[in-house]
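Taking it in order: structure first as structure tokens, then the write-up.
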Amino acid sequence: PVAAGWNMIGSISAALPFSGVTSIPPGIVSSLLYAYTDGYHPTDTIRPGFGYWLRTSQPGVLVLGNGSSLVPKSGDGSFAGASKLSFSDVDGREQALYLLDGTSSPRDGALYALPPVPPSGGFDVRFASGRIAQSIGNTEFSPTTIIVSSAHYPLSVRWETTPAFSGVSLSIGTVKHSLGSSGEATVASANERLSIDAAAPANLPGGYALYDAYPNPFNPVATIRYRLPVRSRVYLAVYDILGQQIATLVNGLQAAGIQTAVWNSVQHASGVYVVRFEAGASDGSGSSARETMKIVLQK
């Protein structure tokens, strides 16, 4: 049995892939699976004798056994294409954070929430949002502070990134380090503020895009993201399978960038719904888009 929010779960007598976990009701798992060993680490296996952190959206039951998984993938596979920043103190305690390219690979922020900060003395690194991963290229997340707890300084920071992050920097105190290529730096003391800085793009390449909703199927909240290459007038709405409009999520002007809308379907029945996305440049240049996608409410 699990309660709504963060839970600590155990195991059966054999190692079990996280992908083999199902839930009753379906789709209530809303986080990665975390182990804690001198820092939080996403994992894809539940091993005998260990406890793990997992968040659920509502009370229910987890079923540890064979079956088709309805839970998010965990482990480093969740961060394919992301840039990795590894933080380690003089005692060898280490934890990683990840940067996601929000202009091409938007992800659901709630999925990457970290469990509660450990008690005093427990090493921990997280973005100020409380997440293990943060999108770059989205005005919602730039700049963002990195919070380090109970570290023994000096702290070493190593990053493995790609040229896609050439406009992004890691600030340590007053010094900025470009994340356009791999590198490392040292944080001398807790007095040096850590942050990721990335200016929101004024004009994004690739045009308009409507990204897959997450989660899908969902219950009861679906997060919908879309890309605007320029300041645009946006219309985003939800329709039932009969074509009747049941919710207007956005109807107005929005800045260029990766935008997010959330639909809370708590008052609606299970079934298939259609998201309709229309956008056009606010300056009347003629650039526009019209897309639809299906989402499934599963209660």
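The values are calculated or read from the model by the stated rules, or taken from the named source; none is laboratory data. Since the structure is predicted, the reported quantities are computational estimates derived from the model, not experimental observations. Note that we place each Cβ from the backbone using ideal geometry, even for glycine, and neighbour counts take in every protein chain shown. Please note that ligands, DNA and RNA were not included when accessible areas were found on the heavy atoms of the full protein model with its side chains. Shrake-Rupley method; radii C 1.70, N 1.55, O 1.52, S 1.80 Å.
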Legend entry - Residues within region 265-288 that are over 26 Å from the mean Cα position of the chain (by Cα) and farther than 17 Å from PRO220 by Cβ, tallied: 9
Inset, instruction - Please find, among ASN203, ASN251, ASN216, ASN191, the residue that is surrounded by fewer than 13 Cβ atoms within 10 Å (Cβ to Cβ) and modelled with pLDDT under 90. - result: ASN203
Inset, instruction - State all residues of region 254-272 that are over 20 Å from TYR214 (Cβ atoms) and surrounded by 15 or more Cβ atoms within 10 Å (Cβ to Cβ); if no residue qualifies, say none. - result: ALA256
Legend entry - Candidate set from region 261-272 (those that are touching a residue at least 40 places away in the same chain (Cβ under 8 Å) and assigned to a strand (DSSP E or B)); member that is farthest from ALA237 (Cα to Cα): ASN264
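Does region 23-34 hold any residues that are more than 11 Å from LEU114 (Cβ to Cβ) and assigned to a loop (DSSP other than H, G, I, E, B), and which are they?
If the condition is that a residue be more than 11 Å from LEU114 (Cβ to Cβ) and assigned to a loop (DSSP other than H, G, I, E, B), then PRO25, PRO26, GLY27, ILE28, SER30, LEU33 are the ones that fit.
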Legend entry - Residue count, region 20-36 (criterion: touching a helix residue (DSSP H, G or I) at 6+ places or on another chain (Cβ under 9 Å) and closer than 20 Å to ARG47 by Cβ): 3
Legend entry - Where HIS152 falls short, out of the listed (1) modelled with pLDDT under 95; (2) farther than 23 Å from TYR52 by Cβ; (3) of a type outside the set (A, V, I, L, M, F, W, C): (1)
Inset, instruction - Take GLY121 and decide whether it is modelled with pLDDT of 85 or more and at positive phi. - result: yes
Legend entry - Selection count where residues are buried (at least 19 other Cβ atoms within 10 Å of the Cβ) and of a type outside the set (Val, Ile, Thr), scope region 20-33: 6
Legend entry - Search result, residues across region 148-188 that are in a loop (DSSP other than H, G, I, E, B), open to solvent by less than 60 Å² (accessible area, probe 1.4 Å) and touching a residue at least 40 places away in the same chain (Cβ under 8 Å): ALA151, THR161, VAL168, LEU179
Legend entry - Condition check for GLN95: on the phi < 0 side of the Ramachandran plot, in contact with a His (Cβ under 9 Å, 6 or more places away or on another chain) and at pLDDT 70 or above: yes
Inset, instruction - Report yes if PHE79 is farther than 22 Å from SER149 by Cα and modelled with pLDDT under 90, otherwise no. - result: yes
Inset, instruction - Could you list, in sequence order, all residues of region 273-290 that are open to solvent by 60 Å² or more (accessible area, probe 1.4 Å) and in a strand (DSSP E or B)? - result: ARG276, SER288, ARG290
